[in-house]
Amino acid sequence: MIGETRVMLEHAGDPEQRTLAGYRKHGGYQALAKALREMKPEEVTEEVLKSGLRGRGGAGFPTGRKWKFVPKTTKRKYIAVNADESEPGTCKDRQIMENDPHQLIEGTLLAAYAIGAETCYIYVRGEYPHSIAALENALDEARGAGLVGRDIMGSGFSCDIWVHPGAGAYICGEETALLTSLEGNRGYPRLRPPFPAVEGLWKSPTVVNNVETLSCVTHILRRGAAWFSSLGCEGSTGTRLFCISGHVKNPGVYELECGKFTLRELLMDLAGGTPSGRPIKGVLPGGSSMPVLTEAELDVRFDLDSIAKAGSSLGSGAIMVFDDSVSAVDVALNISQFYSHESCGQCTPCREGSDWVRLMLDAVRRGEAKTKDVALLLDVLDRIEGNTICALAEAFCWPVRSFVRKFGAEFEAHVAGRASA
Ligand SMILES: Cc1cc2nc3c(=O)[nH]c(=O)nc-3n(C[C@H](O)[C@H](O)[C@H](O)COP(=O)(O)O)c2cc1C
Ligand code: SF4
């Protein structure tokens with residue numbers, strides 16, 4: 001039987017945990033006190049590096065390594081917390097912000113101390129009013145107690161944190177678009193390099209980390225890197241939040257250790273299989289921007305590296321399941337509709353390509369495409385990928401290509417007029 005290991009969500013059911021007093025009852029802000037009293041900033045980074053923590057925002061980049069890219073300059077430095085949570089199917093960061101906001105604030109302060117930042121912004125998805133309110137309340141309390149602001153705990157370290165609501169654009173979750181938006185401009189992504197850690201907000205070094213990533217930092221500093229890396233498996237240490245949705249009996253957000261079970265065990269045991277009893281047809285294991293895995297591929301071990309070897313990714317931790325009543329062409333079309341709507345329009349291959357892909361899939365679905373159009377579709381996807389400023393283009397190329405390759409017979413049936421639209 002697969003069970004949860006609750007670290008970040010350990011006290012999520014207790015309303016008192018949202019308050020400073022409740023958070024302190026369970027050891028809150030002790031990690032920060034210890035770091036400010038006993039550790040040099042570099043030692044905080046080393047501890048995070050040793051823990052094996054990898055980013056929970058989507059790309060899985062090692063957090064300690066990212067922090068090490070920050071140059072040792074006298075320039076101002078910033079932390080930008082990515083709380084945009086915009087990837088379809090993803091609803092985990094809000095669990096942290098609404099149920100236990102102080103663990104995010106503590107992790108953010110630890111990251112700020114490690115890189116020498118005195119200003120942090122939490123960029124929260126605009127559609128999350130409850131998260132914004134919970135964070136504002138927690139910050140008010142933390143400021144009042146001298147935990148945020150000038151001379152924190154009498155240590156000489158000063159740092160303020162501001163909540164910045166987004167305005168509903170998916171692209172503002174992409175780290176460079178998030179920074180452009182924070183600067184007060186339209187949320188356009190920027191070319192990298194330079195990476196934000198070197199040149200971010202107002203051209204100053206800026207670490208962008210996801211809400212869950214920074215919440216893990218709190219627990220790493222509280223209980224040590226060795227404890228954290230004893231959870232999960234090599235390459236996927238600690239616990240991770242997964243949002244399971246779609247055709248499963250028990251959808252929800254689960255905190256799990258990776259590497260202990262297969263994807264099939266997760267879906268059949270914890271998620272309870274499909275409500276209808278019909279077979280699972282496919283799974284998007286890391287949000288709508290990741291390649292689909294078919295029923296035949298579900299015996300893969302459930303961790304970052306194994307899922308990557310199987311040709312997909314754990315991405316943002318959103319596992320979306322559909323049974324065999326669902327048309328693969330419909331899912332591919334639905335995904336392309338989302339991304340063509342959300343393209344910011346800066347790059348021709350993404351702006352024009354996403355719309356062309358959407359129109360072509362719509363033609364396939366209506367039985368109005370020709371056999372050669374399916375090959376043309378794959379060819380166009382190859383030309384889009386890798387030729388744009390940011391990875392939104394990959395975010396629709398990867399899943400659409402995987403659907404065409406893995407469910408080719410369905411696409412052919414539509415083209416041949418053998419499937420109803
Ligand atoms: C189109 C697009 C949308 C993204 N949306 C989010 C998001 O909503 N939340 C998030 O944390 N990361 C998102 N990311 C990933 C960020 O760019 C970045 O990698 C992440 O915030 C880094 O944090 P981490 O190292 O803690 O994972 C997105 C990336 C792309 C390409
Ligand atoms: S790839 Fe798409 S979303 Fe990203 S910058 Fe280019 S047009 Fe904008």
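Summing -39500 (n - 2.57) over the DSSP H runs of n ≥ 4 in the chain and dividing by its residue number, what mean residue ellipticity at 222 nm do you reach, to the nearest 500 deg cm²/dmol? Provide the component values of the computation, followed by the final result.
Numbers: 16 runs with 173 residues, N = 421.
Theoretical 222 nm ellipticity from helices: -12500 deg cm²/dmol.
Could you calculate the contour length gain from Glu118 to Glu16, that is, 0.36 nm times the residue separation minus the distance between their Cα atoms, to one decimal place in nm?
On the way: separation 102, 0.36 × 102 = 36.72 nm, distance 2.88 nm.
Stretched out fully, the Glu118 to Glu16 stretch lengthens by 33.8 nm.
Mind checking the full-extension length gain between Thr294 and Ser276? Use 0.36 nm per residue of separation minus the Cα-Cα distance, one decimal, nm. Before the final figure, lay out the partial values.
Numbers: separation 18, 0.36 × 18 = 6.48 nm, distance 1.81 nm.
Result: 4.7 nm gained on full extension.
Using a Gaussian network for the chain with springs between C-alpha atoms less than 10 Å apart, which of these wobbles most: Ala114, Ala296, Ala271?
Per the Cα network of the chain with a 10 Å cutoff, Ala296 tops the list.
Is the shape of segment 15-230 rounded, prolate or oblate, going by the alpha carbon gyration tensor and its root eigenvalues a ≥ b ≥ c, with a/c under 1.5 for rounded and a/b larger than b/c for prolate? Before the final figure, lay out the partial values.
Working: a/c = 1.40, a/b = 1.14, b/c = 1.23.
Since a/c stays below 1.5, the shape of segment 15-230 is classed as rounded.
Of Lys40/Lys77; Lys40/Lys68; Lys34/Lys75; Lys40/Lys66, which ones are farther than 24 Å apart at the Cα? Working shown, then result.
Values: Lys40/Lys77 17 Å; Lys40/Lys68 14 Å; Lys34/Lys75 26 Å; Lys40/Lys66 18 Å.
Result: Lys34/Lys75 exceed 24 Å.
Please report how far the C-alpha centroid of segment 62-101 lies from that of segment 246-278, rounded to the nearest whole angstrom.
Their Cα centres are 27 Å away from one another.
Multiply the residue gap between Lys249 and Gln30 by 0.36 nm, knock off their C-alpha separation, and tell me the result in nm, one decimal place.
Numbers: separation 219, 0.36 × 219 = 78.84 nm, distance 3.95 nm.
Contour length minus Cα-Cα distance gives 74.9 nm.
Can you work out the FRET efficiency for the pair Glu183 and Glu352, with r the C-beta to C-beta distance and R0 = 30 Å, to the nearest 0.05? Spell out each step's value before the answer.
Working: r = 28 Å, r/R0 = 0.92.
Given R0 = 30 Å and the Cβ-Cβ separation, E is 0.65.
Between Val331, Gly277, Ala114, whose Cα lies farthest towards the positive end of the dipole of the chain when Lys and Arg beta carbons carry +1 and Asp and Glu beta carbons carry -1, centred on the Cα centre?
Value computed over the given set: Ala114.
Which residue fluctuates most in the GNM of the chain (Cα springs below 10 Å): Arg405, Arg365, Arg65?
Maximum fluctuation in the GNM of the chain, among the listed residues, is at Arg405.
Return, ordered by residue number, the residues of segment 182-208 whose backbone nitrogen is under 18 Å from a label point located 7 Å along Cα→Cβ of Thr74.
Under cut-off, by backbone N: 204-205.
Find which of Ile389, Pro194, His341 sits farthest along the positive direction of the dipole of the chain, computed with +1 on the beta-carbon of Lys and Arg, -1 on that of Asp and Glu, about the Cα centre.
Pro194
What's the magnitude of the charge dipole for the chain around its Cα centre, counting Lys and Arg as +1 and Asp and Glu as -1 at the beta-carbon? Answer in Debye, nearest 20.
720 debye
If the cut-off is a Cα-Cα distance under 16 Å, which aspartates and glutamates reach Lys249, setting aside same-chain residues fewer than 8 apart in sequence?
Partners within reach: Glu265, Asp269, Asp323, Asp324.
Once you order the gyration tensor axes a ≥ b ≥ c over the Cα atoms, which shape class does segment 124-259 get: rounded for a/c under 1.5, otherwise prolate or oblate by comparing a/b with b/c?
Details: a/c = 1.42, a/b = 1.14, b/c = 1.25.
Cα axes put segment 124-259 in the rounded bin.
With r as the distance between the Cβ atoms of Leu359 and Lys40 and R0 = 41 Å, compute the FRET efficiency 1/(1 + (r/R0)^6) and round to 0.05.
Values: r = 57 Å, r/R0 = 1.39.
My answer for the efficiency is 0.10.
Please get the size of the charge dipole for segment 228-339, origin at its Cα centre, with Cβ charges of +1 on Lys and Arg and -1 on Asp and Glu, quoted in debye to the nearest 20.
Working: 8 positive and 13 negative charges, 25 e Å.
Dipole magnitude for segment 228-339 comes out near 120 debye.
Roughly speaking, what is the centre-to-centre gap between segment 152-173 and segment 298-354 when only Cα atoms are used, to the nearest Å?
That distance is 30 Å.
Give, as a single signed number, the net charge of other residues whose beta carbon lies under 11 Å from the beta carbon of Glu87, with Lys and Arg counted +1 and Asp and Glu -1.
Numbers: positive: Lys92, Arg125; negative: Asp84, Glu85, Asp93, Glu174, Glu342.
Local net charge: -3.
Since every read-out is calculated from the coordinates, none of them should be taken as a lab result. All values reported here derive from a predicted model rather than from experimental measurement. All Cβ positions, even for glycine, are placed from backbone atoms using ideal geometry, and neighbour counts span all protein chains on display.
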